[in-house]
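First the structure, in the form of structure tokens, and then the observations on it.
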Amino acid sequence: MRGSTDLMYLLTRAERLLSRRLATILDAERCSMDAWRVVSVLADGRGHFMTELSELSFLPPGSLTRLIDHLVEENLVYRRGDDVDRRRIRVHLAARGRRLHDRVDAGIRRSVADLPIDGELLDRLGDLITALDSKVAPVSVLQRGKALT
């Protein structure tokens, strides 16, 4: 490895270029990158508390709350009280959100099919994430095989 500065530059550059590529797909669906991250996390079907969703979607709580309000208005997600603790609210993907996820996910997979991405690269990125923050397991999105979404 050439060094931490080179690593940071390369990861940032790759993220920006990939985001640019994905933006055309998301723009066609009138979906922001932030909204896509939330929809992608919720696609696991488990529902997530706002705190967890904030961490997994890289959004501060206030911004996430505004985004969730918007996604509820668009009927892409819904809120439901937790079965164990009714004071806590879980956010779930609505049927319309599932259809959006499926369309965008298929478009993203087609868009990145020509890129040199394989299981080894995803495993190494997961290892890097764990090494950088050992209290955080590799992102669940990576574990679901949706590393680019």
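The values are calculated or read from the model by the stated rules, or taken from the named source; none is laboratory data. Computed from a predicted model, the values in this text were never measured in an experiment. With ideal geometry, Cβ positions are generated from the backbone for all residues, glycine too; neighbour counts draw on all protein chains shown. The protein model used for the area step is the full one, side chains on, heavy atoms only, and it has no ligands, DNA or RNA in it. Shrake-Rupley method; radii C 1.70, N 1.55, O 1.52, S 1.80 Å.
Scan segment 102-130 and report the pairs whose first residue is surrounded by 12 or more Cβ atoms within 10 Å (Cβ to Cβ) and whose second residue is among the small types (Gly, Ala, Ser), with Cβ atoms within less than 6 Å and a gap of 6+ or a chain change.
Once the first residue is surrounded by 12 or more Cβ atoms within 10 Å (Cβ to Cβ) and sits in segment 102-130, its partners that are among the small types (Gly, Ala, Ser) give 122/147.
What single numbered condition from (1) open to solvent by 70 Å² or more (accessible area, probe 1.4 Å); (2) part of a helix (DSSP H, G or I); (3) closer than 29 Å to residue 112 by Cα fails to hold for residue 56?
Of everything listed in (1) open to solvent by 70 Å² or more (accessible area, probe 1.4 Å); (2) part of a helix (DSSP H, G or I); (3) closer than 29 Å to residue 112 by Cα, residue 56 misses just condition (1).
With 56, 26, 67, 42 as the choices, which residue is under 11 Å from the mean Cα position of the chain (by Cα) and at pLDDT 95 or above?
The unique qualifying residue is 42.
Cβ-Cβ under 8 Å, sequence separation 6+ or interchain: first residue in segment 7-22 and closer than 15 Å to residue 115 by Cα, partner among the β-branched types (Val, Ile, Thr). Which pairs?
Taking only residues 6 or more apart or on different chains, the pairs are 18/112; 21/112; 22/108.
Evaluate segment 38-50: report whether one residue or more is hydroxyl-bearing (Ser, Thr, Tyr) and in contact with a Ser or Thr (Cβ under 7 Å, 6 or more places away or on another chain).
Checking segment 38-50: at least one residue is hydroxyl-bearing (Ser, Thr, Tyr) and in contact with a Ser or Thr (Cβ under 7 Å, 6 or more places away or on another chain).
Just one of 90, 86, 80, 98 is touching a residue at least 40 places away in the same chain (Cβ under 8 Å), more than 27 Å from residue 28 (Cα to Cα) and among the basic types (Lys, Arg); which is it?
90
Mind counting the residues in segment 86-102 that are part of a helix (DSSP H, G or I) and within 15 Å of the chain's Cα centre (by Cα)?
Residues in segment 86-102 being part of a helix (DSSP H, G or I) and within 15 Å of the chain's Cα centre (by Cα): 5 in total.
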